[in-house]
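The values are calculated or read from the model by the stated rules, or taken from the named source; none is laboratory data. From a predicted model like this one, the values you see are computed outputs, not experimental measurements. Glycine gets a Cβ as well: all are built from the backbone with ideal geometry, and neighbour counts include every protein chain shown.
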Amino acid sequence: MVYLDHAATTPMHPAVIRAMNDTMTTFFGNPSSIHRYGRDAHTKLEEARQVIADQLGVKAHEIIFNSGGTESDNTAILGTAYAKQAVGKHIITTTIEHPAVIESMKFLEKQGFEITYLPVDKKGQLLAEQVASALRPDTILVSIMFANNETGNILPIQEIGELLKEHAAVFHTDAVQAYGKLPIDPAAYGIDLLSISAHKINGPKGVGFLYKRDGLSPPTLLHGGEQEEKRRAGTENLAGIVGMAKAVSLLTPEVQRAHSETYQQFAKQVFSVLEEQRVDYRLNGDPDSKLPHIINLQFPGVTSELLLMKLDLKGIAISTGSACTAGNVEPSHVLEAMYGKEHPAVGESVRISFGLGNTEEEVHSFAELLARTVLGTKK
Ligand SMILES: *Cc1c(COP(=O)(O)O)cnc(C)c1O
């Protein structure tokens, strides 16, 4: 079995599991309780917050713990829209966002908000100038992902943040795929809100956080108790949060750089085997601005669903990157945005995403199997 779908989710690091086990065993108290059990749990909670804040170079109270990427995106977008609707109802985003962003936008459209979906070019890239020309006096929010989960493309977030310094619109970025892979400096990049999920960085599922810049009023969706300074009600998922902080602490800049080099090597290995075997393939995305762990490849004449199934039978897990509804692979909205709905790449592309635990031998035998399977599947 070879797992090459780390952009969908990652296995937990053993140290994360240990940290979570310890927390569940010893620190079961409610962090809001005033007795010793509660105080001890509260201490663990705040230690985790500090670890994460230090790594991101932000203040501890700028971190709001929640249930993950989807909640962060929904909170940032819906929360900001509701809070600012008296100022304006125009929002800017892109056509290649994660469903957690796109569906939040569609939900707002039904409530009278006006959304501009910026198009991307054939490489799936966007120019900061597109944002500049879409901005209006009534624009209240700009939400653009840091890096795309299907192609790995890194978008010009720093440039966009720079030009938004001149405008009152709130700047949100979904950094779920980029986090732990790239240096991210929210203050320097002019980011107001940033979405993060733990399970994409070898942490547990169902936990994440929203970074909220100091001074910005908090977008709040869940109302109830006073947890997270009243910004996100509900008893904290302490074991999950401690596990996430452990996963973050393992991703030092040196480790991130080493991973980056390893995954670039893996990608090269796949390309060279495909070339040796004379397999016709095309890379979807922007080779000059891409996360190292994701490669999205089109194999002309090969249906992606069939390729996925054949590889699955041989113990290989890759994906198309797009949503899967009731066992059917939906056409990728990201590839459609890049090439147009009718382009063959939309139905002939697969996503391979590397992660912790993948070895050179594994990647090599995968690449040979991929080449054989593609050649054997071609119409
Ligand atoms: C996985 C992912 C999400 C969703 O995060 P969850 O924690 O699974 O809700 C959001 N955005 C991007 C870019 C992702 O890759």
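Tell me yes or no: at least one residue of segment 19-28 is touching a strand residue (DSSP E or B) at 6+ places or on another chain (Cβ under 6 Å) and of a type outside the set (V, I, T).
Checked segment 19-28: no residue is touching a strand residue (DSSP E or B) at 6+ places or on another chain (Cβ under 6 Å) and of a type outside the set (V, I, T).
Identify the single condition in (1) surrounded by fewer than 21 Cβ atoms within 10 Å (Cβ to Cβ); (2) small (G, A, S); (3) farther than 16 Å from A198 by Cα that A76 does not satisfy, given that it satisfies every other one.
It is condition (1) that A76 fails.
Does V350 satisfy the criteria of being modelled with pLDDT of 95 or more and not in a helix (DSSP H, G or I)?
yes
Select, from E129, E162, E103, the only residue that is within 15 Å of the ligand (Cβ to nearest atom), modelled with pLDDT of 95 or more, surrounded by fewer than 24 Cβ atoms within 10 Å (Cβ to Cβ) and not in a loop (DSSP other than H, G, I, E, B).
Answer to the selection: E103.
Is it the case, given these coordinates, that L221 is modelled with pLDDT under 95, surrounded by fewer than 24 Cβ atoms within 10 Å (Cβ to Cβ), assigned by the TED database to the domain that holds A100 and among the hydrophobic types (A, V, I, L, M, F, W, C)?
It is true that L221 is modelled with pLDDT under 95, surrounded by fewer than 24 Cβ atoms within 10 Å (Cβ to Cβ), assigned by the TED database to the domain that holds A100 and among the hydrophobic types (A, V, I, L, M, F, W, C).
Being hydroxyl-bearing (S, T, Y) and buried (at least 23 other Cβ atoms within 10 Å of the Cβ) is the filter here, so list the residues in segment 49-73 that pass it.
Scanning segment 49-73 gives a single hit, S72.
Take segment 281-306 and flag every residue that is touching a strand residue (DSSP E or B) at 6+ places or on another chain (Cβ under 9 Å) and of a type in the set (D, E, K, R).
Correct list: R282, D286, K290, E305.
Looking at (1) over 30 Å from L369 (Cβ atoms); (2) touching a Leu at 6+ places or on another chain (Cβ under 8 Å); (3) surrounded by fewer than 20 Cβ atoms within 10 Å (Cβ to Cβ); (4) of a type outside the set (V, I, T), which is the only condition E236 fails?
Every listed condition holds for E236 apart from (3).
Okay, residues lined up against (1) farther than 14 Å from L283 by Cα; (2) in a loop (DSSP other than H, G, I, E, B):
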| position | (1), (2) |
| --- | --- |
| N296 | no, no |
| G301 | yes, yes |
| K310 | yes, no |
| S322 | yes, yes |
| P331 | yes, yes |
| L335 | no, no |
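For segment 16-84, which helices (runs of 4 or more DSSP H) that fit wholly inside it have 3 or more residues that are closer than 16 Å to L221 by Cα?
The qualifying helices (runs of 4 or more DSSP H) are 69-74, 80-84.
Would you confirm whether or not segment 333-342 contains a residue that is small (G, A, S) and free of Cβ contacts under 8 Å to residues at least 12 places away in the same chain?
yes
Could we say that K200 is in contact (Cβ under 8 Å) with a residue 60 or more places away in the chain and charged (D, E, K, R) here?
In short, yes.
Out of segment 80-97, which residues are within 16 Å of the ligand (Cβ to nearest atom) and either surrounded by fewer than 23 Cβ atoms within 10 Å (Cβ to Cβ) or outside the structural domain of E150 (by the TED database) (or both)?
Correct list: T95 only.
List every residue pair whose Cβ atoms sit under 8 Å apart, with the two residues 6 or more apart in sequence or on different chains, where the first one lies in segment 57-69 and is farther than 15 Å from D192 by Cβ and the second, anywhere, is within 16 Å of the ligand (Cβ to nearest atom) and among the polar types (S, T, N, Q).
The qualifying pairs are F65/N237; N66/S72; N66/T75; S67/N237; G68/S197; G69/S195; G69/S197.
Tell me which residues, restricted to segment 169-197, are touching a residue at least 40 places away in the same chain (Cβ under 8 Å), more than 16 Å from the ligand (Cβ to nearest atom) and under 17 Å from the mean Cα position of the chain (by Cα).
Scanning segment 169-197 gives P183, D185, P186.
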